[in-house]
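Values quoted throughout were computed directly from the atomic coordinates according to the rules given, and no laboratory measurement underlies them. Quick caveat, the model's predicted, so the values are computed rather than measured. Don't worry about glycine lacking a Cβ; one is built from the backbone with ideal geometry, like all the others, and counts go over all protein chains shown.
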């Protein structure tokens, strides 16, 4: 279900572009971003994966014009194309309201298309959902190439659910807006069906799109020229970085793989140098005794001046505490967490770690996207902070286990605390560069 803000009368829908690598997902979003009216688009944020820097995670907020008194915002995402980034794929699907399946029409990519469809089914099943129940549309991309399968053959292989489908060429924008309009209608219709009948404002037509359709409302009249100019600007622009410090290729079209790879290699040393030049993270607080000198010398006795009263030492469950990583307002929670783990109350320790993680992600969202364009779900923020998707999924599963009453052990509680520390440090890095 979308996020509903009754005070602002705003609906926020999450749409994920899903497909094989180099199939046109990112190019589709780049075309929309380049050709949409400035008042209806937000900033495009791209996060490169740690290994293959031509893969993208894109977050593109698009504001749909007023829809019968309701403001509608679409948050558009893409997933990495390669299956070995499945943890990130699964994480991006969290809370999705709709999916745009972007397939490569070339006959040589048939296996990759089928693999993507099976992978989507598996990942939706992990969230307790089915593709037949998920609003989705299909793009058969790269229709301008010569070795492509017929639309009938593609429909038979990949669209057994009978979803709306479109022949697209993302590099020129053909069919891209038609697909966006179709998924927008699908998620709005799905939302309308889910709203209890007595709470619907104005009947079934209350959420119809404006006259002329989404394409006419969003696009600039000079969209083709704007897209050409955007491509030229990207070719001359330097590689940028996300605030998390990861190398970005957000301004390189997905089709320009050779150029993207060359630029990534050329800037790799600069990337490492920049990361190494960052200010060090706050040192953890150690509440331990002074080091013992050699046995041949008696240890010196501490002397206290009458003018300087002794500093109060905070109580801690052990000799090591990381409380100084957090602001003063949260240190009581950190102490409580450490004490719970030290006393064997591992379930409470994990619950408190979840509180710390949730607060850090919520505050980081505003830093990443601003008040209007901030990501709406914690999993998105975790990815934008550069956290490992697999570890974050394991942490969320552990929290669910604790809530369901499953017993946990010390190792799991310490792992949850480690995740809280990692999120806190990532959030501090973002703030230092804001």
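When each of 403, 143 is scored by the number of other beta-carbon atoms lying within 10 Å, the sequence from fewest to most is 403, 143. Computed from the C-beta positions of residue 10 and residue 363, the FRET efficiency with R₀ = 22 Å rounds to 0.55. Fully extending the segment from residue 71 to residue 418 would add 120.9 nm, taking 0.36 nm per residue of separation and subtracting the current Cα-Cα distance. Look at 169, 380 and count the other Cβ atoms within 10 Å of each Cβ; fewest to most, that gives 169, 380. The simple Förster model, with R0 at 30 Å and r as the Cβ-Cβ distance, assigns residue 390 and residue 425 a FRET efficiency of 0.95. The stretch 129-200 and the stretch 379-434 have Cα centres spaced 34 Å apart. Label sites at residue 342 and residue 118, each approximated as a point 7 angstrom past Cα along Cα to Cβ, lie 5.2 nm apart.
Counting neighbouring beta carbons within 10 Å and listing from fewest to most, the residues 111, 401 come out as 111, 401. Stretched out straight at 0.36 nm per residue, the stretch from residue 111 to residue 411 would grow longer than its current Cα-Cα span by 103.9 nm.
Taking 7 Å steps out from each Cα toward its Cβ at residue 404 and residue 144 produces label points 4.9 nm apart.
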